Amino acid sequence: MGDNYQRPHHIARSLAKFGNEVIYITPANRVEINQNDIDIEVLNKLTFENKKVIDDVKIFSTISAVFNGKEVKNNYFNVVQNFVTLHQGELEPIIITYLPSQVEVLKEIKGKYFHIYECVDEHSDIEYAFGETGLMLFVNRS
C-alpha cells in the first residue's frame, strides 16, 4: 500500500476502520544476495522487522532472495502460514486473494481459515500479474 490506493487497499482500510485486525501481505520483493543460499528465518525476520502500518492496516513485504539471476528462497508462503497459525482459535482468519496464483499458495497452508477469492479483472493473460496485488488476511473482532 502506497500513495496509489486501489480496490484491495480501500477494502483493507475499511475493514480496519470497523475494528478488524487487518494484515496485508505484499507479493515478494526481489532482493539480490551475494551467496547461493540464505536461511528462510533471515528473510522472515527482515519481513517482520520492516512492517509498516498505514490507516491501522499492518503491511508485511515478503522477500524473494535472488542469486545470479535465480531465486534461491522466497518467504511468501512462510509469512502467510505464520499468520494463519498465529490466529488459530475462536476467530478464524479470513484471507482475501485477488489473483489465481495466490490460490495455489493457499492449497499448502495448514490450519483453519475462510477464503474469499475476489476476482474483478481477468488475469490469465498477464504473466506478471502475481506481482501486482497482495493478499489480505483479517480477523473479525466485532
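Taken together, the values in this text are just the output of simple stated rules run on the coordinates, not laboratory data. Every value quoted in this text rests on a predicted model; they were computed, and no experiment measured them. Note that we place each Cβ from the backbone using ideal geometry, even for glycine, and neighbour counts take in every protein chain shown.
Annotations
- Amide H within-cut-off set for ILE54, under 5 Å, with H built and near neighbours excluded: ILE59
- Centre separation in Å (Cα based) which lies between region 6-25 and region 46-89: 17 Å
- Rounded to the nearest 20 debye, the dipole size of region 36-90 about its Cα centre is 140 debye, using +1 on the Cβ of Lys and Arg and -1 on the Cβ of Asp and Glu.
- Label-zone membership for region 14-52, site GLN88, 7 angstrom Cα→C-beta point, backbone N under 18 Å: none
- Ordering of 104-112, 15-23, 57-65 by burial proxy (mean other Cβ atoms within 10 Å per residue, highest first): 57-65, 15-23, 104-112
- Two-site FRET efficiency, PHE77 against ASP56, from Cβ-Cβ distance with R₀ of 35 Å, rounded to 0.05: 0.85
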